[in-house]
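Step one of this worksheet: look at the structure below.
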Protein chains: 2
Amino acid sequence: MEKVIRVGLLGSGTVGSGVVQVLEMNREQITERVGAPIQLKTVLVRDLAKKRPQLAGYQLTDNYEDILNDEEIDIVVELMGGLHPAREYMLQAMEHGKSVVTANKDVVAQFGKDMFAAAEKHGVDFMFEASVGGGIPIITPLKQCLTANKVTEIMGIVNGTTNYMLTKMTDEGCDYDAVLKEAQEKGYAEANPSADVDGLDAARKAAILSSLAFNTRVELKDVSVEGITKITPDDIDYAKSLGYVVKLLAVGKDSPEHGVDVRVHPVFLPKEHPLAAVNGVFNAIFVRGNAIGEAMFYGQGAGSLPTASAVVSDIIDVSRDIVNKAFGRIGCTCYEQKPMCPIEETESSYYVRLLVDDKPGVLGQIATAFGDAEVSLKSVIQTKRNVVDHAEIVAVTHIVRHASIQKALDALKQLSVVDEIRNVIRVEKERG
Amino acid sequence: MEKVIRVGLLGSGTVGSGVVQVLEMNREQITERVGAPIQLKTVLVRDLAKKRPQLAGYQLTDNYEDILNDEEIDIVVELMGGLHPAREYMLQAMEHGKSVVTANKDVVAQFGKDMFAAAEKHGVDFMFEASVGGGIPIITPLKQCLTANKVTEIMGIVNGTTNYMLTKMTDEGCDYDAVLKEAQEKGYAEANPSADVDGLDAARKAAILSSLAFNTRVELKDVSVEGITKITPDDIDYAKSLGYVVKLLAVGKDSPEHGVDVRVHPVFLPKEHPLAAVNGVFNAIFVRGNAIGEAMFYGQGAGSLPTASAVVSDIIDVSRDIVNKAFGRIGCTCYEQKPMCPIEETESSYYVRLLVDDKPGVLGQIATAFGDAEVSLKSVIQTKRNVVDHAEIVAVTHIVRHASIQKALDALKQLSVVDEIRNVIRVEKERG
Ligand SMILES: NC(=O)c1ccc[n+]([C@@H]2O[C@H](COP(=O)([O-])OP(=O)(O)OC[C@H]3O[C@@H](n4cnc5c(N)ncnc54)[C@H](OP(=O)(O)O)[C@@H]3O)[C@@H](O)[C@H]2O)c1
Ligand SMILES: NC(=O)c1ccc[n+]([C@@H]2O[C@H](COP(=O)([O-])OP(=O)(O)OC[C@H]3O[C@@H](n4cnc5c(N)ncnc54)[C@H](OP(=O)(O)O)[C@@H]3O)[C@@H](O)[C@H]2O)c1
């Protein structure tokens, strides 16, 4: 008799119910591609009493043991979210010889190493394509399609909420609070938006991407994080007039001189950069490798069906391994422990916007403060746009060490003509 | 003793020498990723007397038998190009139990089916990531990462030469002949540019992509092809003023009503479309699936190192299969034979540019000719821009059947007020 691949699903919320739907709507094609049918056997729910019309016909349980101890179940698909008990459930599944597919960036970012080790120990697969970029294929490309490269840089727009907000601010000139409120009303932002707007969600994804891209173990605590809460319509305006757009980026760099440098922060991106055209809730990940040059992967970074696309494709991949008895073909690729670049050593060009006294000689004092800190300037504008009684100075620096810009900012704070350091944002250099 | 994976390389031109370079420069990392070293053992060349400094230290031969009969060689990498003897060499390699990696779009488009059958029969791998989009991962995504989807549409900028030319024409307003000459001088276009500018190269890639995306066998002869030779600066100008850019696209669509529709032709693409920003020698492939929605894969579509990135990543993938004894995990996915949509049945919106007599009533006659053919118009402009003594009429139609637009064009040709049908170009509909 032909093998049937049996799946246990943990959680049927946004993504879980998308997975149920995709397995149903593309059933025949999936069977062809695997060479065996995939059957969703049991779904773990929290409350058995709750009505779930989309799960009619499936076996439900509120006891994980029913899935764990079911020897027929080959694959556990974890879509509950959160660290616990998701982590424990996945580890237990692998101990019981079941492969695991998940979309859980929290667990992968924090406990990825344990997961890979368990998969290897128990001879099963651990797959997590949906944990970064929703439906966009990026984990498999990094583990497979780009393996000929030393990846030197990744840059991703990996948080749809903040990209939606920044796009709105850019297109319509609205301010941060207004656009946050609208994003919340449309369901793009949570009631408590902190994980998105403060950059933590993007930081988890930055850790996952960098670990894979650079073959090293990057943890959440290694990522320096800055959100979008301080971005104002004025910054976006200046960006525009200088030829940039403002994006929240997850950035990872690896070089023999500096080590591995991973951070999340807003940047001024040249408007010709392929990431600059990635708008609204779309995500994209840009990769630079020493053979391929530049590549970019683009698509919907969230949502029920797009995310389910990645989860079900992982289920198909694992199923092919089961049918062909070929587990662990591609193990953990994070086999090195490279040194991290301390943030002070990182290098970038910066945009600095200052509120200053509107009187002669101010520009000279400010230029001197930058110069003394060995920060050379590419452009400076002094303007009365958007201000009364004062002036604004907008400076863009050449590429400098983070420590130097900090020193310059400290000196600027001491100047009596400087009333406020209004914003400091990294500038991605022109391409080519 | 640890297994060493041994490679025989056929041809060391642009891509072949890139492969040698990538295997050398990333050797350690590649060994880690495979779990065994990859050794380039023998290189087939045509002329042993020719100096090849980049191959110093490798064993050269001008006799394929030396590779075919070398039992130590696990993988044959074909980078000679052309149909013959490339096809025969690859089939023989597989018969001898060797896996094959190639960048040869000609052979994959024309004899792909034989290749897949041979790989399956002999229990080896046949890989061809580099055959479409150079370094861009697109074959593996279609075979693996997007398998949960029914793919309904692919659209690709898959020919760098023509994209370079159209980008130049758009940015600088130069005409076709000038830009072709420049592309030839820069080495982006061949002395005989026909395969590029007439769309044949893109058609091969369209056949490969559609076969994989739609699980069916699309051959070169099934692709309707139109090149860029008729595109003038005026067309590009009108496109701009209507909010479009002109791109040469490889298009594949699959629907239950119409069957599979594969073609290569210039299109007016809305400037907000993700493909519209793909400029110069860059390539990109846009995919629409019933779960993922929209996705796009972007990068360098040609060149020594970018293409070698794809070839070497394939070599690594095959090597992992060898180390893990896991061949044929993903076989040919083109298991169906779906009906092709006859070109007359395809549907599109069209831009039609006519040279007409400059006198009253002309617009009415023309609108009537369209209407009689059941082609409804979205916009019509009558203008004296770019013409003397005459006028031009530029019409954009709603979505109509190809047969209807042909009928309208036949009627227009009969009108005495129509002096010339200057161009007819498909228009990709607005998104969203
Ligand atoms: N949504 C997206 O677009 C997206 C994109 C990429 C990745 N992800 C990731 O996918 C995962 C799931 O996200 P989601 O948006 O689908 O979340 P969700 O809509 O909140 O769904 C989670 C489901 O899991 C259930 N659940 C939670 N804890 C459980 C437990 N201990 N036992 C049984 N059931 C439990 C919840 O049941 P109750 O209804 O009873 O609470 C809920 O139905 C998360 O890791 C998330 O980060 C989501
Ligand atoms: N170039 C790109 O950017 C690119 C991108 C994607 C895919 N591809 C594909 O990659 C393949 C190779 O392209 P390429 O640009 O590297 O071509 P190329 O520079 O012309 O190199 C081909 C090499 O193969 C050798 N060769 C041809 N027939 C041979 C035979 N019968 N025996 C031994 N050696 C033979 C040639 O040797 P001689 O020098 O003696 O003629 C030459 O060195 C083609 O299928 C092409 O379509 C190329």
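The values are calculated or read from the model by the stated rules, or taken from the named source; none is laboratory data. Quantities reported herein were computed from a predicted structural model and do not represent experimental measurements. Here Cβ is always computed from backbone atoms with ideal geometry, including for glycine, and neighbour counts include all displayed protein chains. Just the protein is used for accessible areas: all its heavy atoms, side chains included, with ligands, DNA and RNA removed. Shrake-Rupley method; radii C 1.70, N 1.55, O 1.52, S 1.80 Å.
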Looking only at residues that are more than 14 Å from chain A (Cβ to nearest Cβ) and in contact with a strand residue (DSSP E or B) (Cβ under 6 Å, 6 or more places away or on another chain) in region B:37-47, which one is nearest to ligand 1 (Cβ to nearest atom)? B:Gln39
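This table checks each residue for (1) touching a residue at least 24 places away in the same chain (Cβ under 8 Å); (2) within 16 Å of ligand 1 (Cβ to nearest atom).
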{"residue": "A:Phe111", "(1), (2)": "yes, yes"}
{"residue": "A:Val124", "(1), (2)": "yes, no"}
{"residue": "A:Leu166", "(1), (2)": "yes, no"}
{"residue": "A:Val179", "(1), (2)": "no, no"}
When region B:129-145 is checked residue by residue, the ones that are surrounded by fewer than 24 Cβ atoms within 10 Å (Cβ to Cβ) and out of contact with any Asp or Glu (no Cβ under 7 Å at 6 or more places or on another chain) are B:Lys143
Can you name the condition, by its number, that B:Lys3 falls short on among (1) modelled with pLDDT of 95 or more; (2) in contact with a helix residue (DSSP H, G or I) (Cβ under 7 Å, 6 or more places away or on another chain)? (1)
Which numbered condition trips up A:Leu415, out of (1) open to solvent by 10 Å² or more (accessible area, probe 1.4 Å); (2) within 11 Å of another protein chain (Cβ to nearest Cβ)? (2)
Hey, among A:Ser304, A:Ser319, which residue is open to solvent by 10 Å² or more (accessible area, probe 1.4 Å), of a type outside the set (A, V, I, L, M) and closer than 27 Å to A:Gly18 by Cα? A:Ser304
With the structure loaded, tell me whether B:Met296 is in contact with a helix residue (DSSP H, G or I) (Cβ under 6 Å, 6 or more places away or on another chain) and open to solvent by 20 Å² or more (accessible area, probe 1.4 Å) or whether it fails that test. no
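In this structure, is B:Ile381 under 24 Å from B:Lys247 (Cα atoms) and more than 29 Å from the chain's Cα centre (by Cα)? Show your work before the answer.
Details: under 24 Å from B:Lys247 (Cα atoms): yes; more than 29 Å from the chain's Cα centre (by Cα): yes.
Taking the combined requirement at face value, the residue satisfies it.
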Count, please, the residues in region B:311-333 that happen to be under 25 Å from B:Lys150 (Cα atoms), of a type in the set (A, V, I, L, M, F, W, C) and more than 7 Å from every other protein chain (Cβ to nearest Cβ). 1
Checked against (1) modelled with pLDDT of 95 or more; (2) part of a helix (DSSP H, G or I); (3) over 21 Å from the mean Cα position of the chain (by Cα), A:Leu355 satisfies every condition except (2)
When you go through A:Ile285, A:Ile292 one by one, which is the residue that is among the β-branched types (Val, Ile, Thr), facing chain B (nearest Cβ under 10 Å) and over 25 Å from A:Thr397 (Cα atoms)? A:Ile292
Count of residues meeting criterion [surrounded by fewer than 22 Cβ atoms within 10 Å (Cβ to Cβ) and touching a residue at least 24 places away in the same chain (Cβ under 8 Å)] in region A:1-11: 4
Selected residue (only one of B:Ala202, B:Ala189, B:Ala117, B:Ala109 is more than 14 Å from chain A (Cβ to nearest Cβ) and touching a Cys at 6+ places or on another chain (Cβ under 9 Å)): B:Ala117
Determine if region B:51-74 includes at least one residue that is among the polar types (S, T, N, Q), open to solvent by 10 Å² or more (accessible area, probe 1.4 Å) and more than 16 Å from ligand 2 (Cβ to nearest atom). yes
Yes or no: A:Val22 open to solvent by less than 20 Å² (accessible area, probe 1.4 Å) and farther than 19 Å from A:Ala118 by Cα? yes
In this structure, is A:Ala207 of a type in the set (Gly, Ala, Ser), touching a strand residue (DSSP E or B) at 6+ places or on another chain (Cβ under 6 Å), surrounded by 24 or more Cβ atoms within 10 Å (Cβ to Cβ) and not assigned by TED's automatic domain parsing to the domain that holds A:Tyr351? no
Using the structure shown, decide if B:Arg27 is away from ligand 2 (no atom under 16 Å from the Cβ) and either farther than 25 Å from B:Pro85 by Cα or within 30 Å of the chain's Cα centre (by Cα) (or both). yes
Within region A:295-333, considering residues that are assigned to a strand (DSSP E or B) and in contact (Cβ under 8 Å) with a residue 60 or more places away in the chain, the one nearest to ligand 2 (Cβ to nearest atom): A:Ala295
